[in-house]
1. Mind telling me which of the residues Ile224, Ile232, Ile244 ends up being touching a residue at least 12 places away in the same chain (Cβ under 8 Å), within 30 Å of Ile63 (Cα to Cα) and among the aliphatic types (A, V, I, L, M)?
2. Can you go through Ile63, Ile45, Ile55, Ile32 and tell me which one is over 20 Å from Phe264 (Cβ atoms) and of a type in the set (Val, Ile, Thr)?
3. Hey, does the range 7-28 have a residue that's over 12 Å from the mean Cα position of the chain (by Cα), assigned to a loop (DSSP other than H, G, I, E, B) and modelled with pLDDT of 95 or more?
4. Answer yes or no as to whether Asn85 is surrounded by fewer than 21 Cβ atoms within 10 Å (Cβ to Cβ) and either over 17 Å from the mean Cα position of the chain (by Cα) or without any contact (Cβ under 8 Å) to a residue 12 or more places away in the chain (or both).
5. Just for the range 238-281: of the residues that are in a helix (DSSP H, G or I) and over 25 Å from Ala34 (Cβ atoms), which one is farthest from the chain's Cα centre (by Cα)?
6. In the range 271-281, how many are crowded, with 19+ Cβ neighbours inside 10 Å and farther than 19 Å from Lys240 by Cα?
7. Mind checking whether some residue in the range 56-64 is crowded, with 16+ Cβ neighbours inside 10 Å, among the β-branched types (Val, Ile, Thr) and not in a helix (DSSP H, G or I)?
8. List the pairs whose first member sits in the range 184-211 and is under 30 Å from Ile242 (Cα atoms), whose second member is charged (D, E, K, R) and part of a helix (DSSP H, G or I), and whose Cβ atoms are under 6 Å apart, counting only residues at least 6 apart or on separate chains?
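The values are calculated or read from the model by the stated rules, or taken from the named source; none is laboratory data. Keep in mind the model is a prediction, meaning the values are calculated, not measured. So basically every Cβ, Gly included, is an ideal-geometry build from the backbone, and we count neighbours across all protein chains shown. Surface accessibility is based on the protein's heavy atoms, side chains included, excluding ligands, DNA and RNA. Shrake-Rupley method; radii C 1.70, N 1.55, O 1.52, S 1.80 Å.
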Amino acid sequence: MGNSKVGLVLEGGGMRGMYTAGVLDAFMLEGIEANGVIGVSAGAICGCSYISRQIGRTIRYNIKYAGDKRYASFKSLRETGDIFNVDFCYEQLPKKLNVFDYETFRERSKKIPFYVTCTNLENGGAEHIRCTDLWDEMDYMRASASMPLVSNIIEKDGMKLLDGGTADSIPLKFFESIGYEKNIVVLTRPCGYVKKQDSMLRLMKIKYKDYPKYVKACEERYKIYNEQLAYIEEQEKNGKVIIIRPSRDTKIGRMEKNPDKLKFIYKLGRYDTMKKLDEIKQFMA
């Protein structure tokens, strides 16, 4: 690797994140190691297994449990306020059923800083939080992945937090601002995608009426996202960014449960990465 710090910027997207899981597994198998990682929502969930060097972990438990009512269900939403069952997803899964290597994460995150992106409801802005010990800091991961309307607000260190995608869906500019001069950006939508205003905005205005700055961020999200895409593509032309994104539209939604579809998008992530492998290695050299 050359003298420039290379960052890895991971977009969210719910179950579309299995594409990112495929990209990162290909990276690990090929020995591609960034100098820092920042993830949003599903991007953060995939990114932590990249830091802990657990190849196949993310796709493995999603294929096994995506259709399990303990994992995500409207029953959980009705009873707890969270569509993803908190105890199952953040306690049983990483500590018992598909063990996360907390120790390796702690050691490697000293060398490779790992950030999660959350949205602060009170000021409507992004919080980019460095995590060094997910045993104690899992609430930040949970907040980053807590989708509006179907998740409880997470209160942590005096902040009220939800899904990072609202305030900063693709935090490339933040990573550039802290010294990552070259970045690999992993997107979960194909080329040509244009975000539209959220169809659930009316409900958000009702549910989050006590947080007007957050509601404003929800209103503006689609515009900011499309501006971010344009900026990322411009940085790619300038030789400062490599974009990895689905080479085809997989039509997979945020809550996809079909294991065959999840396997397909995961394999697409690996395939697209291998096609760009020489370009990626040259970029990092």
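1. Going through Ile224, Ile232, Ile244 in turn, just one is touching a residue at least 12 places away in the same chain (Cβ under 8 Å), within 30 Å of Ile63 (Cα to Cα) and among the aliphatic types (A, V, I, L, M): Ile244.
2. One residue alone meets the criteria, Ile32.
3. Checked the range 7-28: no residue is over 12 Å from the mean Cα position of the chain (by Cα), assigned to a loop (DSSP other than H, G, I, E, B) and modelled with pLDDT of 95 or more.
4. no
5. Filtering the range 238-281 for residues that are in a helix (DSSP H, G or I) and over 25 Å from Ala34 (Cβ atoms), the one farthest from the chain's Cα centre (by Cα) comes out as Asp260.
6. So the answer is 1.
7. Looking through the range 56-64, none of the residues is crowded, with 16+ Cβ neighbours inside 10 Å, among the β-branched types (Val, Ile, Thr) and not in a helix (DSSP H, G or I).
8. Within 6 Å, the pairs are Thr188/Arg16.
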